1. Need one number: nm distance between label points at residue 19 and residue 4, each 7 Å from Cα along Cα→Cβ, rounded to one decimal.
2. For the range 1-70, which trypsin sites (Lys or Arg not before Pro) are both in a DSSP coil and crowded by at most 11 other Cβ atoms within 10 Å?
3. Which one, (i) 1.09; (ii) 1.43; (iii) 2.09, gives Cα Rg over 2.2 N^0.38 Å as derived from the coordinates shown?
4. Would you mind telling me the antiparallel percentage of the DSSP bridges in the chain, rounded to 5?
5. Projecting each Cα onto the charge dipole of the range 4-64 (Lys/Arg +1, Asp/Glu -1 at the beta carbon, about the Cα centre), which of 21, 59, 40 comes out farthest on the positive side?
6. List the lysines whose alpha-carbon lies under 25 Å from that of residue 34, not counting same-chain residues fewer than 8 positions away?
7. Kindly provide the helix-only [θ] at 222 nm of the chain, computed as the sum of -39,500 (n - 2.57) over DSSP H runs of four or more divided by all residues, to the nearest 500 deg cm²/dmol?
Amino acid sequence: MAVTTISSREFNQDTSGAKKAAKMGPVFITDRGKPAHVLLSIEHYEDLVAPSANLVDLLALPNGSAIRFTPPRLRALTKPVDLT
């Protein structure tokens, strides 16, 4: 993902260029050398605000279809039991 930084003046003079750059990654717009705004494509914005699934929601799916997990064997952490 490419990050672009432009000044407010550059943004005002070449808005279409900033929009093209936003397709590749965030465009930071500066005022007097300090970041003031960020321009994002709608896809990047939706990725940021999309709700993330929580464990309860994933477990509630039928047949656990969203979860594929095979726990590893923990042989290194166990010891044979001596019952004599």
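1. Here the answer is 1.2 nm between the modelled labels.
2. 32, 68
3. (iii)
4. 55 percent
5. Farthest towards the positive pole: 21.
6. Within the straight-line limit of under 25 Å, residue 34 reaches these lysines: 19, 20, 23.
7. Result for the chain: -8500 deg cm²/dmol, rounded to the nearest 500.
Here, each number is a calculation from the coordinates, and none is a lab measurement. All figures in this text were calculated on a predicted structure; none of them were measured in a lab. Quick reminder, even Gly has a Cβ in these numbers, built from the backbone with ideal geometry, and neighbours come from all protein chains shown.
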